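Undergrad: Take this structure first; my questions come after.
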Amino acid sequence: MPPIEPNSSINVAALYSEHHGWLFAWLRRKLGCSEQAADMAQDTFVRVLVRDEPVSNHAPKAFLSTIARGLVIDHWRRSALEKAYLDALAQIPEQFYPSAEEHHQTLQTLEQIAALLDCLKAKVRTAFLLYQLGGMTHAQIAKQLGVSSRTVERHVADALFHCYQLRYREN
């Protein structure tokens, strides 16, 4: 194949043939599973294919590993959510278990909530979760976080505003 000028566009097929092997090996080391690594390598190239921008030949390994790293993080987040959900299910009587469809829908909703909250700064996310799920007052949260009640109020409002913005942007 002729050399491609730096920063020029590269054909996705060429990118795949030249870099799939090392990407698969890198993912296999990260995940410890060949099947998951194969799936994630494919997902990485699917993300490249659906991009609206041409792919630059400049630092293709960094480009691909950045996409793959995001997929790995998403995978770990989903796994942690699923484990927490299954642990919670283990605490309830079997007759109250959700159907397979409800189980799937619940996991999807939890993933969406986690992705939504990941966009928030750590203190904003913590204040929001303590207020919404922990049932704590602004004063209690302020004491725990070492900030003023007014700051907690602002954090909770910022988180709610962020949630509403994302919710209505999707619809």
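Undergrad: Within the bounds of region 65-72, is there any residue that is within 30 Å of Asn11 (Cα to Cα), in contact with an Asp or Glu (Cβ under 7 Å, 6 or more places away or on another chain), outside any loop (DSSP other than H, G, I, E, B) and not assigned by TED's automatic domain parsing to the domain that holds Leu160?
TA: yes
Undergrad: Now, a different point. Evaluate the following for Ala100: is it out of contact with any helix residue (DSSP H, G or I) (no Cβ under 9 Å at 6 or more places or on another chain), closer than 29 Å to Ala37 by Cβ, loosely packed, with under 11 Cβ neighbours inside 10 Å and at pLDDT 85 or above?
TA: yes
Undergrad: On to the next question. Please enumerate the residues belonging to region 113-171 that are loosely packed, with under 14 Cβ neighbours inside 10 Å and polar (S, T, N, Q).
TA: Gln132, Thr137, Ser148, Gln165, Asn171
Undergrad: Going by the structure shown, is Asp87 surrounded by 14 or more Cβ atoms within 10 Å (Cβ to Cβ) and in the same structural domain as Asp43 (by TED's automatic domain parsing)?
TA: No; evaluated as a whole, the condition is false for this residue.
Undergrad: Check Ser79 against each of (1) assigned by TED's automatic domain parsing to the domain that holds Leu23; (2) over 30 Å from Ala37 (Cα atoms) and name the one condition it does not meet.
TA: (2)
Undergrad: Say we look at region 93-138 and pick out the residues that are under 18 Å from Val156 (Cβ atoms) and small (Gly, Ala, Ser); which of these is nearest to the chain's Cα centre (by Cα)?
TA: Among those residues, the one meeting the criterion is Ala122.
Undergrad: OK, next. Mind listing whichever residues of region 39-59 are part of a helix (DSSP H, G or I) and over 12 Å from Val72 (Cα atoms)?
TA: The answer is Gln42, Phe45, Val46, Arg47, Val48, Leu49.
The values are calculated or read from the model by the stated rules, or taken from the named source; none is laboratory data. Please read all numbers here as calculations on a predicted model, not as lab measurements. Every residue, glycine as well, gets a Cβ built from its backbone with ideal geometry; the counts of neighbours run over all protein chains shown.
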